[in-house]
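Shown next, in structure tokens, is the structure this report addresses.
The values are calculated or read from the model by the stated rules, or taken from the named source; none is laboratory data. These numbers come from a predicted model, not from an experiment. Neighbour counts are summed over all protein chains in view; Cβ atoms, including those assigned to glycine, are modelled from backbone coordinates with ideal geometry. Calculation scope for accessible area: heavy atoms of the full protein, side chains included, ligands and nucleic acids excluded. Shrake-Rupley method; radii C 1.70, N 1.55, O 1.52, S 1.80 Å.
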Amino acid sequence: MTITPDSPPSRFNRFMDSDLMFSFLSSKLTVVSAIITLIFFVAAIFAPLVAPHRPFDPATIDLLDAFTPPVWAEYGDARFLLGTDDQGRDVLSTIIYGCRISLLVGFAAVGLSLLIGVGVGLLSGFYGGWLDTVFMRLADVQLTVPAILTALVIDGIADLFVPPSMRETLSIVVLILAIGLSDWPRYARVARSSTMVERNKEYVMAARVIGVGSFRIILRHILPNILGPILVMATIGLAIAITTEATLSFLGVGVPPTTPSLGTLIRIGNSFLFSGEWWITIFPSLALVLLVLAVNLLSDWLRDALNPKLR
Amino acid sequence: MFLKLINRLFQALMTMIFVGLVSFLLFNFVGDPISNMVGQETSVEDRDALREKLGLNDPFLAQFARFGSNAVSGNFGISYALQRPVSTLIAERMPATLELVATSAVVAIVLGVLLGVYTGINRHSWISKTIMPLSLIGVSLPTFVIGILLIYIFSVTLGWLPSFGRGEVTQIGGWSTNFLTIGGLKALILPSTTLALFQMALIMRLVRSEMLEVLRTDYIKFARARGLAPRVVHFGHALRNTLVPVITIIGLNIGSLIAFSIITETVFQWPGMGLLFIQSVTFGDIPVMAAYLVLIAAMFVFINVVVDILYLIADPRLRGRG
């Protein structure tokens, strides 16, 4: 195939022609999970526009609407597709707003893990020596304990330092810190081993010979070359972070009920499970499962698609 | 291998010291331990006397050494919230957690390995084709969601099984057990299934993919050509060679069973150590938090060392290497 210089294919066309796109479109399950993920993202970002009600505005909720079952059940109300909770809030709307918090915490936590993990990995791999030993021993120690336990402990400790009046406003920040700090060693290990390989390649030598500084080499030359596998890990990390956030919130140490995430909603609804109001907890649970499953499937596909051995 | 074991033991020691240090720092520097122990009216002199008596004015290292020796002998002070010795609280709660974790571990390992071997051998049977997507859902479901769904189905809708607490327990010495009464066993079903499901799916998927790799190798073909019974080939030759990675994951996962028991215990109000820990996190009950951390770290380190020793048993090739 020859490309005439006067009509180069646009970036978009090149992307649509790529192997990645082909492998994406040939797996139906992946396309479906991508669409589901996209729906979640769009709904979360445009929550005020998408949600049928404004569940956290006291002016628009009515206690008389409390415990309305879903539309298809007996006594359902067409205004509330998935029913309402104990305070008369529309369950569908609280789920949409809940996704917003869950995804926000998820992305921020993964971002923090990436920042710390990749930073530590690059420095460890590039410089080696005692710096490497210290960092990797620290990672080993942290990897001995499951991330969720680390997050729980960090969250518990951080809460003790936050004055009670600030707790509600800062709880999301504390949560992001706790989850982000609990998951960095995975990224650090991968970044370190890839950096150690890249460090000895010719382009790094060449950059060094012409007098490029170490930091510039690390950031501008090595980092772009090790980013692929790390981004794949980050997509799995997003699913893990969302689950961890939901779990912590469910345990009551995460997001407060005033701005509930999916985990908080499940926690709130759980107390009504026995009195028959199952929809308050089951629908947020299903939303969470669907989101995590879709992200997991996407990351599975991405891992295989970018793996040169499987091509 | 021996060197590696020494290295691992050193690492275990490092982990314990690190966790001990975190617990100690928590214990002594988060908030003022004195004001957590005495009432509002206590005078400044009395507070200072207590501080001196408890040794809180000693140098840092001396305090840490004392904390360490107390921890080793099981003395973690008195819970702020419950006003009882932490060691007694933990001793009361320990049987509940250990029984739950042990049951789940057995279920997860036995079913996980068997299903893994089955789906690895009969890759195209309809059973395998049903189990595989289910297992993917199994690894995606958060533990507490599994618990809630199980409670909804088996307790609320069908009313077959209890949804909270340990039910009937039998006391044997200081140990309370669920295993001896029907009520106790029934109460154990839902929590242990909840805890086991995720690990089972994980072990199954791992065993399956390892089996698929091993079954392709030449020595399996030769074993078949020699006319050995399929059972011998599959379990004696194939499974044995998948064991090293499987043991690693199982070892790590028994550790995470202990961690995830916190969640299961919360969902099912199971009166174990995890529930105690969550309550201590919510109340800022630092002695309990510190004790739990040290104990859990000790369990993890112990499991890791056991896993290293199991490698030697599973793979004779590793024994010779220095």
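Treating the Cα atoms of the range A:226-311 as identical point scatterers in vacuum, please give the log10 of the normalised Debye intensity I(q)/I(0) at q = 0.11, 0.12, 0.16, 0.25 Å⁻¹, two decimals. Values, matching the q order: -0.40, -0.46, -0.68, -1.12.
Rounded, prolate or oblate, given the Cα gyration tensor of chain B, with a/c below 1.5 counting as rounded? It is oblate, given that a/c is not under 1.5 and a/b is not larger than b/c.
Largest accessible area first, the residues B:160, A:301 order themselves as B:160, A:301 under a 1.4 Å probe with ligands, DNA and RNA left out.
When the range A:40-310 is described by a simple charge dipole with +1 on each Lys and Arg Cβ and -1 on each Asp and Glu Cβ, the residue from A:138, A:104, A:242 located farthest towards its positive end is A:138. Rolling a 1.4 Å probe over the protein heavy atoms gives the protein assembly as shown an accessible area of 49 Å² per residue. Normalised by the number of residues in chain A, the mean separation of alpha-carbon contacts (under 8 Å, six or more apart) gives a relative contact order of 22 percent. Association of chains A and B removes close to 3400 square angstrom of accessible area from solvent, both sides included, for a probe radius of 1.4 Å.
Estimated from helices alone, the mean residue ellipticity of chain B at 222 nm is -24000 deg cm²/dmol (sum of -39500 (n - 2.57) over DSSP H runs with n ≥ 4, per residue). Phi angles across the range B:126-139 convert, under the Karplus curve 6.51 cos²θ - 1.76 cosθ + 1.60 with θ = phi - 60°, into 3J(HN,Hα) values of 5, 4, 4, 5, 7, 5, 4, x, 4, 5, 5, 5, x, 7 Hz, Gly and Pro given as x.
Entry note, chain A: the mean residue ellipticity at 222 nm calculated from DSSP H runs of n ≥ 4, each adding -39500 (n - 2.57), is -22500 deg cm²/dmol after division by the residues and rounding to the nearest 500.
Around the Cα centre of the protein assembly as shown, unit charges on the Cβ atoms of Lys, Arg, Asp and Glu (plus for the first two, minus for the last two) sum to a dipole of about 2920 debye.
If every alpha-carbon in chain A counts as one equal scatterer, what log10 I(q)/I(0) does Debye give at q = 0.09, 0.10, 0.11 1/Å? So the normalised log intensities work out to -0.59, -0.71, -0.82. Rg and Dmax, both from the Cα atoms of the range B:136-257 and both in Å, are 19.9, 57.
Projecting the Cα atoms of B:212, A:116, B:89 onto the charge dipole of the protein assembly as shown (Cβ charges, centred on the Cα centre) puts B:212 farthest toward the positive pole. Using a 1.4 Å probe on the protein chains only, how many percent of the accessible area of chain A belongs to carbon and sulfur? Carbon with sulfur: 68 percent of the solvent-accessible area. Lys-Lys pairs in the protein assembly as shown that are eight or more residues apart or on separate chains and whose Cα atoms lie under 28 Å of each other come to 6. Residue ranges B:203-215, A:102-114 sort as A:102-114, B:203-215 when ordered by packing (mean number of other C-beta atoms within 10 Å per residue, highest first). Using a probe of 1.4 Å on the protein chains alone, the accessible area found for residue B:224 is around 120 Å². Positive-end ranking of B:187, A:293, A:166 along the dipole of the protein assembly as shown, with charges on Cβ about the Cα centre, is headed by A:293.
Amide H contacts of residue A:84 (H built 1.01 Å from N, in plane; Pro and chain starts excluded): A:67, A:68, A:91 sit under 5 Å, all sequence-distant by 5 or more or on other chains. Sorted largest first by accessible area at a 1.4 angstrom probe radius, with every protein chain in place, the residues B:235, B:222, B:24 fall in the order B:222, B:235, B:24. Kirkwood analysis of the range A:106-230, using all unique Cα-Cα pairs, places the hydrodynamic radius at 15.8 Å. Here the dipole of chain A is about 1420 debye; that uses its Cα centre as origin and unit charges on the Cβ of Lys and Arg (positive) and Asp and Glu (negative). Surface calculation, 1.4 Å probe, protein heavy atoms: residue B:268 sits at approximately 0 Å² accessible. The mean sequence distance of close C-alpha pairs (under 8 Å, at least 6 residues apart), as a share of the length of chain B, puts its relative contact order at 28 percent. Estimated at the nearest 10 Å², the accessible area of residue B:10 is 110 Å² with a 1.4 Å probe. What the Cα atoms of the protein assembly as shown give is an Rg and a Dmax of 26.9, 91 Å.
Between the Cα long axis of helix A:28-45 and the first principal axis of chain A there is an angle of about 70°, rounded to the nearest 10.
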